[in-house]
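One structure is given here, and the rest of the page talks about it.
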Amino acid sequence: MAKRNQIVLGVVGGTVVFCGLFGYGLVESTFGRSARQLNRELEATRRAGIPLEPSQLESMVRVADEQNAAPLYRQAVRLVQDREVEKALKAVSDSSSPRATAAQRAAGLAALRKVEPALKLVEAGAARPGCDFRREWTKGMYVLFPEFGPMKGFVKALGVRAREESRAGDWRKALRTLESAQRVAQHAGQEPILIGLLVQIACETIVQRDFQAVIDDHGRDQGFLAAAQSLHRKFGPLPDFRRALYGELVVGRVALKSIRGRGDLEVFSELDPGSMPAPPSRLERMVFEAPVVRNGFESKLLKNYRELILDLPKDPEDWPGTERAAKASETRVAADQSLANVMSSILMPVFSQASRAIGRTQTNRRLTETSLRLLSERAEGKPLPAHLRPWGDVIIDPYSGNPFVYRRKGKGFLLYGVGEDGVDDGGVTRKGSGGSTGYDMVVEFR
């Protein structure tokens with residue numbers, strides 16, 4: 001992605017000089033046709049019900065003050081800005097990893113007490129129905145999301161606490177803690193932007209891992225299993241890809257209006273993230289601020305986003321359909337070699353990766369639900385079945401379209417899906433953090 005953007009930036013930089021030297025006629029012939037389509041593209045996008053303005057994003061997330069979790073999350077974030085509390089949260093987060101050593105797990109439990117005041121605020125926020133951080137969407141690509149990193153840390157810490165509560169025998173408290181963690185994930189996903197969707201997915205992945213550990217602790221208790229199934233039904237719909245695209249389009253439009261030179265493009269394309277753009281030259285300003293250039297860029301961006309959004313399946317659970325639409329969009333954008341399409345190449349991420357991440361969420365949910373059904377039968381005194389029962393979609397591996405692989409193992413069982421690569425690796429679990437191949441998505445219960 002970065003290499004492609006470097007090439008694109010090189011083309012843009014050369015074009016700026018070329019157009020500046022050869023004047024208005026060349027700029028008009030290069031961008032004019034797309035620029036003249038802008039009003040039509042704007043009208044078509046409005047008719048499709050797609051937001052165009054920052055104010056529309058604000059209305060999508062608006063929550064009354066007394067129902068808004070954001071102020072409480074921000075208070076919690078301020079608490080962990082204290083050096084000692086920040087170190088404690090990191091120790092707890094590190095201890096939550098499946099690869100954590102015994103020493104790290106012990107250190108995490110010891111540090112948990114220092115994080116508790118922040119977690120109490122997080123739980124209070126999670127109990128509220130909505131979350132609106134009052135983002136300044138008018139900043140476009142410069143909108144910051146400083147709460148997301150700590151929120152992920154809080155979810156890890158809640159998971160560590162839930163496991164400890166579970167080991168102490170208090171599964172009711174453990175489930176309440178996990179419910180708060182899942183609500184934090186849902187609140188992150190209420191942000192109408194791709195990063196919000198990805199943080200929601202990352203947080204729910206953590207919650208599912210800890211949830212499965214608690215299930216393993218109490219998988220023979222009928223009361224627990226009924227409560228666990230009730231909690232799992234509260235996990236809500238899958239992350240909303242369409243909603244995330246709305247924010248990406250609005251932020252992209254604002255970004256186009258702020259471009260003054262190549263330095264802005266480098267920041268937008270994340271070749272030098274976190275930096276301030278280099279001041280534009282007079283020649284760069286002359287070209288990038290020309291209405292015909294800006295209108296040409298915007299017209300293409302609107303067309304590309306609208307076509308993608310309209311291609312998405314009506315069923316948000318149909319993430320394979322979403323992936324197909326995203327890949328088709330990526331192909332269209334890459335095939336359009338016009339200079340007016342350059343900004344779409346920079347401002348539109350590889351969306352198909354996000355849709356596959358939604359597939360991981362769906363897989364985790366189905367693995368958990370299938371496991372709870374199997375364990376519930378066992379808790380009723382029935383033997384585990386030789387094969388998965390015909391429970392419908394819940395037993396279907398989203399990546400293969402076939403039932404999950406299921407094996408009885410001692411008094412428990414192994415259950416897994418093939419993962420993103422679509423290859424059955426025999427129930428091999430992920431060893432590290434890199435790559436998406438060579439392992440399966442596995443749960444095992446004793």
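Computed quantities for the displayed model
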{"item": "Qualifying residue in segment 126-136 (condition: closer than 27 Å to L109 by Cβ and part of a helix (DSSP H, G or I))", "result": "yes"}
{"item": "Condition check for G419: under 17 Å from H218 (Cα atoms) and either in a loop (DSSP other than H, G, I, E, B) or among the polar types (S, T, N, Q) (or both)", "result": "no"}
{"item": "Residue check, L89 of a type outside the set (D, E, K, R), closer than 24 Å to G236 by Cβ, in contact with a Lys or Arg (Cβ under 9 Å, 6 or more places away or on another chain) and buried (at least 21 other Cβ atoms within 10 Å of the Cβ)", "result": "no"}
{"item": "Residue within segment 135-152 that is crowded, with 21+ Cβ neighbours inside 10 Å, over 21 Å from F211 (Cα atoms) and of a type in the set (G, A, S) present", "result": "no"}
{"item": "Scan of segment 401-423 for residues that are within 19 Å of Q353 (Cβ to Cβ), of a type in the set (G, A, S) and out of contact with any strand residue (DSSP E or B) (no Cβ under 7 Å at 6 or more places or on another chain), ordered by number", "result": "G422"}
{"item": "Qualifying position, being over 15 Å from L245 (Cβ atoms) and small (G, A, S), among A69, A48", "result": "A69"}
{"item": "Residue ID - modelled with the lowest pLDDT, chosen from residues in segment 387-446 that are β-branched (V, I, T) and under 19 Å from R99 (Cα atoms)", "result": "T437"}
{"item": "Answer from A64, A111, A91 - the residue that is of a type in the set (A, V, I, L, M, F, W, C) and touching a Ser or Thr at 6+ places or on another chain (Cβ under 9 Å)", "result": "A111"}
{"item": "Only one of R128, R161, R105 that is without any contact (Cβ under 8 Å) to a residue 40 or more places away in the chain and touching a helix residue (DSSP H, G or I) at 6+ places or on another chain (Cβ under 6 Å)", "result": "R105"}
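The values are calculated or read from the model by the stated rules, or taken from the named source; none is laboratory data. Just so it is clear, the model here is predicted, and its values are computed rather than measured. A quick note on method: Cβ atoms are made from the backbone with ideal geometry, for glycine too, and the neighbour counts reach across all protein chains shown.
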